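The values are calculated or read from the model by the stated rules, or taken from the named source; none is laboratory data. Computed from a prediction, not measured in an experiment: that's the story for all the values here. Note that we place each Cβ from the backbone using ideal geometry, even for glycine, and neighbour counts take in every protein chain shown.
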């Protein structure tokens with residue numbers, strides 16, 4: 001199991017990015033959360049099996065159909081034992 005902190009840059013707010021991330025997380029079986037930040041980015045924490053987390057990171061680089069992702073920062077995070085994927 002691994003946990004990653006992800007910051008997504010580009011046109012990612014107001015384009016269903018977080019809702020789509022929640023759907024993708026459900027499909028992949030990962031837990032975590034996503035929220036908009038004041039600087040226009042979306043911040044996420046994703047926890048789960050290594051392969052599923054890597055697939056979620058790949059999804060983050062594409063995003064929702066209306067998003068325009070320009071950069072994705074990924075750093076290791078301490079697992080928190082999350083069980084669901086929430087958005088705020």
Number of the condition not met by residue 46 [criteria: (1) at pLDDT 95 or above; (2) surrounded by fewer than 16 Cβ atoms within 10 Å (Cβ to Cβ)]: (2)
Out of the range 23-38, which residues are touching a residue at least 24 places away in the same chain (Cβ under 8 Å), part of a helix (DSSP H, G or I) and surrounded by fewer than 16 Cβ atoms within 10 Å (Cβ to Cβ)? 26
Selection from the range 49-75 of residues that are farther than 16 Å from residue 16 by Cβ, out of contact with any helix residue (DSSP H, G or I) (no Cβ under 7 Å at 6 or more places or on another chain), without any contact (Cβ under 8 Å) to a residue 60 or more places away in the chain and not in a loop (DSSP other than H, G, I, E, B): 50, 51, 53, 54, 57, 58, 61
I'd like the residue in the range 1-16 that is touching a strand residue (DSSP E or B) at 6+ places or on another chain (Cβ under 6 Å) and within 13 Å of residue 56 (Cβ to Cβ) and, out of all such residues, is surrounded by the fewest Cβ atoms within 10 Å (Cβ to Cβ). 5
